[in-house]
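Just so you know, all these numbers are worked out from the coordinates, no wet-lab data involved. Keep in mind the model is a prediction, meaning the values are calculated, not measured. In this analysis, Cβ positions are derived from the backbone assuming ideal geometry, glycine residues included, and neighbour counts consider all displayed protein chains.
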Amino acid sequence: MMSDYLQAERAQEWREALRNTMKNKDRTAIPRVKMPEADPQVRSHTYDEVNMGLTAELAIGEAHRCLDCVNPTCITGCPVEINIPKFVKNIERGEFLEAARTLKETSALPAVCGRVCPQERQCESQCFYTLKLKKEPVAIGYLERFAADYERQSGQISLPEIAPSNGIKIAVVGSGPAGLAFAGDMVKFGYDVTVFEALHELGGVLRYGIPEFRLPKEIVDIEIDGLRKMGVKFETNCIIGKTLSQEDLREEGYQGIFVGSGAGLPNFMNIPGENLIGIMSCNEYLTRVNLMQAADPESDTPVHMGKRVAVIGGGNTAMDAVRTARRLGAEKAMIIYRRSEEEMPARIEEIKHAREEGIEFYTLYNPLRYEGDERGRVQRMLLQRMQLGEPDPSGRRRPVAIEGDTVWLEVDEVIVSVGVSPNPLIPQSFSGIEITPRGTIEVNRETMQTADQMIFAGGDIVRGGATVILAMGDGRKAAQAMHAHLQAGQS
Amino acid sequence: MNKIVGKEYFSDKVVKFEVEAPLIAHSRRAGHFVIVRVGKKGERVPYTIASADPQKGTITLVIQRVGKSSEKLCQLEVGDYITDMVGPLGKATHIENFGTVVCAGGGVGVAPMLPIIEAMQHAGNRVISVLAARSKDLIILEDQVRHHSDEVIIMTDDGSYGEKGLITAGVEKVILREKVDLCVTIGPAIMMKFVSELTRKYEVPTIASLNTIMVDGTGMCGACRVTVGGKTRFVCIDGPEFDAHQVDFDEMLMRLKAYN
Ligand SMILES: Cc1cc2nc3c(=O)[nH]c(=O)nc-3n(C[C@H](O)[C@H](O)[C@H](O)COP(=O)(O)OP(=O)(O)OC[C@H]3O[C@@H](n4cnc5c(N)ncnc54)[C@H](O)[C@@H]3O)c2cc1C
Ligand SMILES: Cc1cc2nc3c(=O)[nH]c(=O)nc-3n(C[C@H](O)[C@H](O)[C@H](O)COP(=O)(O)OP(=O)(O)OC[C@H]3O[C@@H](n4cnc5c(N)ncnc54)[C@H](O)[C@@H]3O)c2cc1C
Ligand code: SF4
Ligand code: SF4
Ligand code: FES
């Protein structure tokens, strides 16, 4: 069931003509494009981006594979429902800027999502190729990145149309993808939007978490600059609930608040020795390296540069940490994961890249305790061998300890990456909103509105740890709903 | 960017700054701290808000020069700007009328102690302040402390001022003499450890304000973690004040040396 709008777009003359230039049989015969990548030997010592991006030629070739389906199921796999065939067909006909404009109709940060979306589980998992042909899907993510990069490099970045100012003040808590997407839409509707950020730099996890070799910070800067040009105001070093209270915001005339404060509280395993020196959370490690640039000798912030680094966990964060450790000179950079590789939540591409860079995988191992030297520096860890048992409620097979089967591993640095919990600052300091037992903010999932009509929330503070695109989707949904709510209040 | 509007030397190594920060001055309470960054390559370092003037929109920090980052800050002059400052952070001190409160502050710890002394006196407590330092010239804020305390005991290691001896001697003297309902201690970790051991012996409830290494100060990284009552807690959001008798000071002392 696709909307009339999509069908009307699809019926346009140029799309029709383009479809007729090539038979579907020939389109499906084209093999999926390979992303050019930096050499693993070289890149494991630099911060340069690993994926180098498609050339125009490669992109056009890949765009030919898309069948411009009558029922583009790919769109249902995208949390923000990007009009995928429209942008892909624009690439096919060489209208790259038009492709970028199509992306921006629905996505606030296409250059970011083209890089970090788990496409294989989202849009690409619902592509006709995957579903019906059992072939590799159209490389939607690569194409998205291509169009967004092309626009940026052309210097002809289009600013969306902005409604005349209505003077209504809106506050956004947090400058992660949820807050940025919300701010972008609200400013388009004509609101006076201010984003408050606790840290000294903007972008949330895009800034302090995801490393440069996967998401160059320049891209985040340019996206934020775009929002600034559209009229969004940013206040760094300002913690809502501390620097400014909920009442302060009300008194200053803010008529709506969107909370996108993320899931910034790292979990530890609470096992003996976990507070030894050299053991830290993934957030601490990545923040030191990314936000504080600790690897730069000029920077005042220190970071341990271990030679034998163990990262506990199997998610994107764990992959980012272990690959960072490798770049900071680890001779042995290891992933310790209690299930098997099949259950790893990290993106397949990240696991592949990690392997190529010489990361060692200790799957079906779980740390039991740590021991340190006389100064308290971690020296070794005791690992429990695991096996897979019955599936748990999530459908993944539960890891079970093999009694008595343990082994010591020498390490000089350990990074704990076993998940995050919602940031407690807003739940603790705001009244009128409801908090779930997990510490997330309770919202109406259609509107993202909290129990307080004036307050909306989205992203990781609502979902627990999720993804960039889901956070953005929430921000956009909240903007729609808040706009409707405020307009209803006016009339 | 926060402008420095006042600078005063308490001693060669201890500097008091008055800094423009209207929002922080307005919302801070006793016990809160800020995180400060000097220069684009600077690190984020926490300092307690020693006092604030909401009318003027300024806060006061008292900084002891110990290493690279405190040195950088202390080199700034009136008219210069602090690159980044965020706060107020942490939980405010729990203030009520406990009865008799002993405030044991060592070295530069007297600065963060001052707003607590003030607030405790304001709440109706009998406040006995014990100030300690290595020598006379390192005793800071004595006049302000006297102004808000019912009694002040000064201890110096070398006996150059007040009584000769450690802070614990001063605290013990009071405990032996009268009923103490609460002890608050702020200073070097090793000092807080010994105060805590002393008051545990006499079963005097004690609060310590911990000064661990931090990065963000918002609960995001866990660099500031300590073990309290056998559980891992984050000083920046669960503290900085904790029941001293539950704090694993040995672990904290170890972790403070992580980058030395
Ligand atoms: C290392 C790492 C790698 C990841 N890799 C991927 C990936 O490849 N693909 C993917 O889709 N997802 C990935 N994720 C997950 C993704 O980054 C998050 O789901 C997403 O960033 C959530 O967005 P958000 O806007 O909800 O919160 P965040 O990005 O966490 O931003 C929240 C912001 O709010 C600020 N804040 C919090 N409280 C306050 C307050 N009271 N006042 C003011 N500001 C406040 C915080 O400082 C922060 O900047 C990764 C996460 C990490 C940590
Ligand atoms: C809640 C709180 C309140 C504090 N209040 C005051 C105060 O009012 N006055 C005062 O003088 N000091 C205070 N401190 C201590 C102060 O933050 C620092 O310990 C001190 O300034 C260390 O910086 P340095 O580089 O000069 O010292 P060094 O001894 O050279 O530090 C060595 C390295 O250790 C790391 N480091 C040490 N301490 C910290 C820290 N706390 N945060 C981040 N990194 C650190 C840094 O990486 C530094 O490069 C407070 C600490 C806390 C946690
Ligand atoms: S935003 Fe993400 S899910 Fe949507 S089309 Fe782009 S890559 Fe796919
Ligand atoms: S489902 Fe696949 S082939 Fe069909 S329109 Fe979407 S991307 Fe193109
Ligand atoms: S300083 Fe990062 S969690 Fe406390």
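General observations
- Counts of other chain beta carbons within 10 angstrom of each beta carbon in peptide B:218-231 average 6.
- Packing rank of A:89-100, A:370-381, where each peptide gets the mean count of other beta carbons within 10 Å, highest leading: A:89-100, A:370-381
- Sites listed here are GluC sites (Glu not before Pro) in region A:426-482 whose DSSP assignment is loop and whose Cβ has at most 10 other Cβ atoms within 10 Å: A:E446.
- When the alpha carbon gyration tensor of region A:143-206 is reduced to an equivalent ellipsoid, the three semi-axes, largest first, read 23, 19, 9 Å.
- Its DSSP H runs of at least 4 residues, each contributing -39,500 (n - 2.57), put the calculated 222 nm mean residue ellipticity of chain B at -7500 deg cm²/dmol, to the nearest 500.
- Nearby lysines by direct alpha-carbon distance to B:K136 (threshold 18 angstrom, same-chain neighbours under 8 apart not counted): B:K13, B:K16, B:K164
- Placing unit charges on the Cβ atoms only, positive for Lys and Arg and negative for Asp and Glu, gives chain A a dipole magnitude near 1200 debye about its Cα centre.
- For region A:209-257, the Kirkwood hydrodynamic radius comes to 13.3 Å, computed from all pairs of different C-alpha atoms.
- The packing ranking of peptides A:357-364, A:136-143, highest mean first, is A:136-143, A:357-364, where packing means the average number of other beta carbon atoms within 10 angstrom of each residue.
- Rounded tilt (10° steps) of B:167-177 against the dominant C-alpha axis of chain B: 40 degrees
- Average other protein chain Cβ within 10 Å of Cβ, residues A:274-284: 5
- Rounded to the nearest 500, the 222 nm mean residue ellipticity of chain A from helices alone is -9500 deg cm²/dmol, with -39,500 (n - 2.57) taken per DSSP H run of at least 4 residues.
- Two-site label geometry, A:K229 and B:K41: point separation in nm, points 7 Å out along Cα→Cβ: 3.2 nm
- Chain A: equivalent-ellipsoid semi-axes (sqrt of 5 x gyration tensor eigenvalues, Cα, Å): 37, 31, 21
- Treating r as the C-beta distance of A:N24 and A:R369 and R0 as 51 Å, the FRET efficiency rounds to 0.30.
- Cross-link pairs B:K40/B:K257; B:K41/B:K231; A:K134/A:K332; A:K89/A:K477; B:K201/B:K231 - those with Cα-Cα distance over 32 Å: B:K41/B:K231; A:K134/A:K332
- Ranking A:P72, A:V259, A:G114 by Cα position along the charge dipole of chain A, where only Lys, Arg, Asp and Glu carry charges on their C-beta atoms, puts A:P72 farthest toward the positive end.
- Kirkwood Rh (inverse of mean 1/r, distinct Cα pairs), region B:1-114, angstrom: 14.5 Å
- Calculated FRET efficiency for the pair A:V407/A:Q41, C-beta based, R₀ 25 Å, to 0.05: 0.25
- Label-point separation, A:S429 to B:V66 (7 Å along Cα→Cβ), nm: 2.6 nm
- Scattering profile of region B:100-259 at q = 0.08, 0.21 Å⁻¹ [log10 I(q)/I(0), Debye over alpha-carbon scatterers]: -0.22, -1.34
- Legend: helices of chain A (whole DSSP H runs) are marked when their alpha-carbon atoms reach 27 angstrom or more along the helix axis and their mean Kyte-Doolittle hydropathy is at least -0.5; marked are A:468-490.
- Label-point separation, A:E16 to B:D181 (7 Å along Cα→Cβ), nm: 8.7 nm
- Of the residues A:G358, A:A310, A:Q387, the one whose Cα sits farthest towards the positive end of the charge dipole of region A:266-420 is A:Q387 (charges of +1 on Lys and Arg Cβ, -1 on Asp and Glu Cβ, taken about the Cα centre).
- In summary, the aspartates and glutamates within cross-link reach of A:K86, defined as a Cα separation below 16 angstrom excluding same-chain residues under 8 places away, comprise A:D4, A:E9, A:E13, A:E16, A:E62, A:D68, A:E95, A:E98, A:E105, A:E124, A:E144.
- In loop segments of region A:207-304 as defined by DSSP, the GluC sites (Glu not before Pro) with at most 11 further C-beta atoms inside 10 Å of their C-beta are A:E252, A:E298.
- Dmax and Rg, reported as Rg then Dmax, of region A:4-154 (C-alpha, Å): 15.1, 51
- For the listed residue pairs A:K169/B:K91; A:K34/A:K132; B:K7/B:K72; A:K34/A:K135, the alpha carbons are over 19 angstrom apart in A:K169/B:K91; A:K34/A:K132.
- Cα-based radius of gyration of region A:266-420 once divided by 2.2 N^0.38 Å, which approximates compact folds: 1.02
- Calculated over region A:228-321: convex hull of Cα atoms, volume per residue (Å³): 189 Å³
- Per DSSP, loop trypsin sites (Lys or Arg not before Pro) in region B:1-110 with at most 13 further Cβ within 10 Å: B:K40, B:K56
- Exposed loop positions in chain B were taken to be GluC sites (Glu not before Pro) whose DSSP state is not H, G, I, E or B and which have at most 15 other beta-carbon atoms within 10 angstrom. Between these positions, the longest stretch is B:97-177.
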